[in-house]
Amino acid sequence: MSVFPKGDFYTRHFQPSGKEETLVVNMGPQHPSTHGVLRIIVELDGEYILRCEPVLGYVHRMHEKMGENRSWVQYWPNTGRVDYLHALAWNWAYAGAVEKLAGIEVPERAEYIRVITCELNRVSSHLLWWGAYLLDLGAFTPIMYAFDDREEIMDMLQMPTGSRLTYCYYRFGGVSADLSDEFLKRLSRFIPYLRSRLPMYRDLVTENVILRKRVEDVGHIDEDMCRRYGCTGPVVRGAGVAYDVRKAEPYSVYDRFDFRIPTYPEADAFARYMVRMDEIEESLKIIEQAIATIPDGPYLSKSAPKPKWSAPKGEACFAVEGARGKITYYVASDGGRTPYRVKLRSPSYCNLSCFAEAAKGVILADAVSILGSLDLVIPEIDR
Amino acid sequence: MSGRNLSFPKLCALGGDMGQMGIAEIHHVRPSQVRGAASLLLDRGWFIETIACLDLREGILVNYFYAHFTEPGRIVVRTLVQREEPEVPSIADIFQGAEWHEREAAEMSGVRFPGNPNPLPLLLSEDEESHPLQKAFEDRKPISNIVDEFIKAECWPAFISREEIEAEAEKRAEEAAAAKAAADAPAAPKAAKAAKEAEA
Amino acid sequence: MGVIKEFAEALKGLKSLIVGLGITGKEFAKPGVTVHYPRKVVADKDLVTYRGHIELVGSKNDPAMPPCITCLMCQSVCPSGCIKIIKHPPPKKDPAADKNAPPEAYASGLEPKTKAAPPAKEKPVKTPKGFILDYNYCSLCGLCVQSCPVDSLRFSTEFYIADPSKKAFVYDLMARLKAQAGTATAKEKE
């Protein structure tokens, strides 16, 4: 009996089930497959997981309280730092919520700019997920191919936004800079190029027998489970439900574009993999249509709020489709200088909550495969 | 809001506006009716989006956001709990995903969810005792400061009126002033005494 | 039957591996794209769109002086509070001129018909005395650049900055502008 208590707070609460010959192991917080600082306590019987419990909060930054402490405009940089891989979707969700609250009109060109940049960002997010997922599964080289193409996207997005990862590009009533002709030219050259790369990705990885063995029939998350846990995005589309906020609650100008919602009914890790690979193609389709029809005009509304602006009283909710699922901002205002309440609904948070159930009874190595197929971004979970 | 026919026991239902505020329906329920609403919504195929708490003068307003995979719209089920007894029965056995949302609401806003299978802190550290999203008394606003058009008498039964809130705020301010005066008054003689002692 | 199926599957798997290896081999023969810093640096044309820390823009007449009017908009909008503007002190009033002017007019017993022109006031200096940026806390959101009413701010393309000390990232932007103007004029002379 040691003087010091065994384990920490969470392991002590994770009481052993009383079975003999089981082992409680901490996976993380510094584990390569957790993509950051996520910790999962697992109880193992040999190679099999009896039960597990994620422990969060290692990169918690209290974005919701920060929203109450700074003015409406000053909250902008926070939105790009919630999910660093698809920052523009979070930008958009905040912009949309406040625009809805205050009734700010967005010029048409700005809507198109938002669609183009957000979809481009989605492609880059999926490419990084693709590389990182295969890295989890033990394939090192694919991430280099993904980074090669992603680099081009980041260079392009740098042109209007000025930054490469944590964008702070959208503003209430538009965007902060116009798209240059050079950007549009480069983008229209890039789309056929990336399209020509996709068959290579398929040959290199998707068809690969080793990958198939790792992801097929692993981690079943079906429709009922998605409903009980609130999973959205590729997870629910991988369960055969064609739920996409861009179609379900069409925001901005998405109703003008022709695109398909890829769904796969198998509900396993491979279905989620295929949904994301197909989504890259759909996003390219949207961008292509948007470039062809982008109208001229101002990129920022004339009635766009000034820096010291404060929203009228009321409450508003706005959802966008992020790369990981449904992003919702709920803002409540009492007409004061700062928001009264900002609530962030992050898709990864809900997607991860089903992990404990999905990973029950699987081999530890498959748990890594399930974690990767959920496409987690830890700062988004912890907020 | 018609056609869905969501008939669970509630205080009142209000029509929101999907285009104006992004919420299609608002249902006010008592804390004891939250579970009934949740199980009916699960039966009808709704999923839980999130739980958001607002710290108001009247108490803590707990909002449950629901959305549907095939139907458009968003439903908010909201309940007001008293600050002295902030308890809402847990819905974690109906919507398993709500377990984390409840744990987050519990540590951030100080609402208790009896029946939650794992009521540990989730995002904050385990020895954190304060609730960061609870506001200071003077920062708390009555609900009428945020949404006045949606307040109906039957939605807010047995809750204090605006006059009462203002009277309470005044009383608090007076008390604070009196306390400050009381704190200042003995301080002066004490300082004098200390000075005298120093001289001696 | 089962054996044949197994065999076919294994062959298919093997083929997928060979196809993958072929792609890897092709890619291996391509030239590398990595820039080997510090032996090589990124070309300047690729840096044009990069948004580094903010800097002051020289005005048309005097490239060493910004058109800044010290409205403090950027300082108040900055979410991280990393901009600090030091104003020139307000001009001191000349006490003699202030005292003398009104009594003279009233001493004559007559109201002055036309209001005497106000004593020539020294114009308050609007340009900032100092403009300090604490880059340690800057999140590069661009709100300051957007909110500036006279377009006195822009982003620099400063990319290669590294230092062991935090103090090195507290920039005096006025001095920076002066240095830039100095190099510009020197180039012109050449």
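The values are calculated or read from the model by the stated rules, or taken from the named source; none is laboratory data. All values reported here derive from a predicted model rather than from experimental measurement. Please note: Cβ atoms are built from the backbone with ideal geometry, for glycine as well, and neighbour counts cover all protein chains shown.
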Give just the number: which of (1) of a type in the set (A, V, I, L, M, F, W, C); (2) touching a Phe, Trp or Tyr at 6+ places or on another chain (Cβ under 7 Å); (3) surrounded by 23 or more Cβ atoms within 10 Å (Cβ to Cβ) does B:VAL29 not satisfy? (2)
Filter region A:101-158 for residues that are among the small types (Gly, Ala, Ser) and in a loop (DSSP other than H, G, I, E, B); which is farthest from the other protein chains (Cβ to nearest Cβ)? A:GLY138
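Quick check on B:GLN82: is it within 19 Å of B:ASN116 (Cα to Cα) and modelled with pLDDT under 85? Steps first, answer last, please.
Numbers: within 19 Å of B:ASN116 (Cα to Cα): no; modelled with pLDDT under 85: yes.
No, not satisfied.
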Tell me, which residue of region A:218-274 that is farther than 21 Å from A:TRP129 by Cβ and acidic (Asp, Glu) is nearest to the other protein chains (Cβ to nearest Cβ)? A:GLU249
Could you please tell me which pairs satisfy a Cβ distance under 7 Å, a separation of 6+ or placement on different chains, a first residue in region B:39-58 that is outside the structural domain of B:GLU99 (by TED's automatic domain parsing), and a second residue that is at pLDDT 90 or above and buried (at least 24 other Cβ atoms within 10 Å of the Cβ)? none
With the first residue restricted to region C:64-91 and required to be among the charged types (D, E, K, R), and the second required to be surrounded by 15 or more Cβ atoms within 10 Å (Cβ to Cβ), Cβ contacts under 9 Å at 6 or more apart or on different chains are C:LYS84/C:GLN75; C:LYS84/C:PHE131; C:LYS84/C:ILE132; C:LYS84/C:LEU133; C:LYS84/C:ASP134; C:LYS87/C:THR70; C:LYS87/C:PRO128
Hey, can you tell me all the residues within region A:292-319 that are surrounded by 17 or more Cβ atoms within 10 Å (Cβ to Cβ), on the phi < 0 side of the Ramachandran plot and either within 14 Å of chain B (Cβ to nearest Cβ) or of a type in the set (A, V, I, L, M, F, W, C) (or both)? A:ILE294, A:LEU300, A:ALA304, A:SER310, A:ALA311, A:LYS313, A:GLU315, A:ALA316, A:CYS317, A:PHE318, A:ALA319
What number of residues in region A:166-195 are closer than 13 Å to C:GLY142 by Cβ, more than 22 Å from the chain's Cα centre (by Cα) and aliphatic (A, V, I, L, M)? 1
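How many residues are farther than 15 Å from A:ALA316 by Cα and out of contact with any helix residue (DSSP H, G or I) (no Cβ under 8 Å at 6 or more places or on another chain) if we restrict to region B:50-66? First the steps, then the outcome.
In the first step, residues of region B:50-66 are kept if they are farther than 15 Å from A:ALA316 by Cα; the result is B:55-62.
With out of contact with any helix residue (DSSP H, G or I) (no Cβ under 8 Å at 6 or more places or on another chain) added as a condition, the list becomes B:59.
Adding up the residues that qualify gives 1.
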Considering only region B:99-132, how many residues are at the interface with chain A (Cβ under 8 Å from one of its Cβ atoms) and closer than 22 Å to B:VAL34 by Cα? 5
Among the residues of region B:24-52, what is the count of those that are in a helix (DSSP H, G or I) and over 19 Å from A:ALA248 (Cβ atoms)? 11
Any residue that is surrounded by 14 or more Cβ atoms within 10 Å (Cβ to Cβ), among the acidic types (Asp, Glu) and farther than 30 Å from A:GLU207 by Cα - is there at least one of those in region C:59-75? no
Confirm whether B:ALA52 is within 21 Å of A:TYR329 (Cβ to Cβ) and of a type in the set (Gly, Ala, Ser). yes
Filtered residue count, region A:52-83, keeping only those that are at the interface with chain C (Cβ under 9 Å from one of its Cβ atoms), surrounded by fewer than 23 Cβ atoms within 10 Å (Cβ to Cβ), in a loop (DSSP other than H, G, I, E, B) and not hydroxyl-bearing (Ser, Thr, Tyr): 2
What's the total number of residues in region A:159-179 that are more than 9 Å from every other protein chain (Cβ to nearest Cβ) and either on the phi < 0 side of the Ramachandran plot or in a loop (DSSP other than H, G, I, E, B) (or both)? 8
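Is there a residue being at pLDDT below 85 and within 11 Å of chain C (Cβ to nearest Cβ) anywhere in region A:183-191?
Step one: filter region A:183-191 for residues at pLDDT below 85, giving none.
No; the residues of region A:183-191 include none that is at pLDDT below 85 and within 11 Å of chain C (Cβ to nearest Cβ).
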Count of residues meeting criterion [over 17 Å from B:LEU133 (Cβ atoms) and of a type in the set (D, E, K, R)] in region B:38-83: 5
